[in-house]
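The structure's right below; bear with me while I get my questions together.
Just so it is clear, none of the values below were taken in a lab; they were calculated from the coordinates. Computed from a predicted model, the values in this text were never measured in an experiment. A quick note on method: Cβ atoms are made from the backbone with ideal geometry, for glycine too, and the neighbour counts reach across all protein chains shown.
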Amino acid sequence: MYAFNYHRATDVNEAAGLAGKSIDAKLLAGGQSLVQAMKLRLASPSDIIDLGTIKGLAGIKKVGDAVEIGAMTRHADVAASTEIPCLAGLAREIGDRQVRHMGTIGGSLANSDPAADYPSAVLALGATIITNKRRIEADSFFKAMYETALEQGEIITAVSFPIPKRGAYKKFKHPASRFALVGVFVADTKTGPRVAVTGAGPFAFRLPEMEKALAAKFAPESVANIKIKPDGLNSDLHASSEYRAHLITVMAKRAVQAAIG
């Protein structure tokens, strides 16, 4: 690791102020990505602002027709929740037990790893990311690989998930890291079906063609023959873009089947 300044923020305003002083400052939530990157010297932040002791940033509560999850809520707590079963099911698939008990939903979304699980849930459920400055709709949040709509000094404080009629998440996981080579979240929401993909591209994205097909008939056969073009998809030593394109349709079909039971 390189040398850095460590700060333990007492509230969100203090954390935002510290983060806004330097473009090289980083917020520490669960640390499951940042600390590893620092150990490998892939990241060298000038300052680390620890959010772990700020009160009120963790917890799950129902607010009207939505469930609001604090940014510092651990994956394990989401996995054990009952408010949105399909979201809890996704959380149970994240990493291993150690990762689930340290990683946080806010940290995952802010990091926007191309193979992270939560981005697909945020998009498929039509969630709203709540920060110390504003509310950001899911469709406007993910911008590029490891890039989101968050501005310097802006901190995720919670995520609001509308409760769907039904939904499910299925992924083809890397056997070692358990990250998604391809993950597909399908949700039947009040505004219609939504289908989101993670792991296949530089960042999570929706599939309008599958959403249209499911709006006509919410069944596995509606998406079974939809072919996804490999253009722009990730291609690496783990899977080619063509294979990932094929997996999107396979995982979408499985997700729809799981959603209808």
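Could you line up Thr198, Thr104, Thr157, Thr10 from fewest to most neighbouring Cβ atoms inside 10 Å?
Result, fewest neighbours first: Thr10, Thr157, Thr104, Thr198.
Have a look at Val184, Ser241, Thr53 and report the one farthest towards the positive end of the charge dipole of the chain, computed about the Cα centre with Cβ charges (Lys/Arg +1, Asp/Glu -1).
Among Val184, Ser241, Thr53, the one farthest towards the positive end of the dipole of the chain is Val184.
If each DSSP helix of 4+ residues adds -39,500 (n - 2.57) and the sum is divided by the residues in the chain, what number results at 222 nm, nearest 500 deg cm²/dmol? Numbers along the way, then the final one.
Numbers: 10 runs with 78 residues, N = 261.
Result for the chain: -8000 deg cm²/dmol, rounded to the nearest 500.
Around Glu221, under 13 Å between beta carbons, what's the net of Lys plus Arg minus Asp minus Glu among the other residues?
Values: positive: Lys217, Lys253, Arg254; negative: none.
Residues near Glu221 contribute +3 overall.
How many percent of DSSP beta bridges within the chain run antiparallel, rounded to 5? Provide the component values of the computation, followed by the final result.
Values: 36 of 44 bridges.
Taking every DSSP beta bridge with both residues in the chain, the antiparallel ones total about 80 percent.
Moving on. Quick one: of Lys173/Lys227; Lys171/Lys217; Lys26/Lys170, which pairs are farther than 27 Å apart, Cα to Cα?
Numbers: Lys173/Lys227 21 Å; Lys171/Lys217 22 Å; Lys26/Lys170 31 Å.
Long pairs (Cα-Cα over 27 Å): Lys26/Lys170.
Here's another thing I want to ask about it. Given charges of +1 on the Cβ of Lys and Arg and -1 on the Cβ of Asp and Glu, with all other atoms neutral, how large is the dipole of the chain about its Cα centre, in debye to the nearest 20?
Details: 32 positive and 25 negative charges, 123 e Å.
Charge dipole of the chain: 580 debye, to the nearest 20.
Could you please tell me the mean projected area of the C-alpha convex hull for the chain, averaged over all directions and given in square nanometres to one decimal? Walk me through the intermediate numbers first.
Working: hull surface 52.9 nm².
The Cα convex hull of the chain, projected and averaged over all directions, gives 13.2 nm².
Give me the base-10 log of I(q)/I(0) for the range 166-260 at each q in 0.14, 0.23 Å⁻¹, Debye formula, one uniform scatterer per Cα, rounded to two decimals.
Cα-only, vacuum Debye calculation for the range 166-260: -0.44, -1.13.
Quick check on the exposure proxy: order Leu207, Leu109 from fewest to most C-beta atoms within 10 angstrom.
Working: Leu207 23, Leu109 26.
The most exposed by this proxy come first: Leu207, Leu109.
Measuring from the lowest to the highest alpha carbon on each principal axis, how far does the range 97-147 reach, largest first, in angstroms?
31, 22, 20
Which one of His7, Ser44, Leu27 has its Cα pushed farthest toward the positive end of the charge dipole of the range 1-54, where Lys and Arg give +1 and Asp and Glu give -1 at the Cβ?
Farthest towards the positive end: Ser44.
Can I ask one more? For Ala25, enumerate residues with amide H under 5 Å from its amide H, sequence gap 5+ or separate chain, H modeled in the peptide plane.
Ser46, Asp47
Would you mind working out the magnitude of the charge dipole of the range 1-54 relative to its Cα centre, with +1 at each Lys and Arg C-beta and -1 at each Asp and Glu C-beta, to the nearest 20 Debye? It would help to have the intermediate numbers written out before the result.
Details: 5 positive and 5 negative charges, 48 e Å.
The dipole of the range 1-54 has a size of about 220 debye.
May I ask you to evaluate 6.51 cos²θ - 1.76 cosθ + 1.60, the Karplus curve with θ = phi - 60°, for each residue of the range 84-96 and list the ³J(HN,Hα) values in order in whole Hz, giving x for glycine and proline?
Each residue's phi maps through the Karplus curve to give 10, x, 5, 6, 4, x, 4, 4, 5, 8, 7, x, 10 Hz.
What residue among Ala121, Ala37, Ala196 shows peak mean-square fluctuation when the chain is described by a Gaussian network model with Cα springs under 10 Å?
The residue with the greatest mean-square fluctuation here is Ala37.
A follow-up question, please. Could you size up the charge dipole of the range 69-198 around its Cα centre, putting +1 on the beta carbon of Lys and Arg and -1 on that of Asp and Glu, and report it in debye to the nearest 20? All intermediate terms of the calculation are to be shown ahead of the outcome.
Values: 16 positive and 12 negative charges, 68 e Å.
It comes to approximately 320 debye.
How would you rank Phe142, Phe218, going from fewest to most other Cβ atoms within 10 Å of each one's own Cβ?
Numbers: Phe142 24, Phe218 18.
Final ranking by Cβ density, sparse to dense: Phe218, Phe142.
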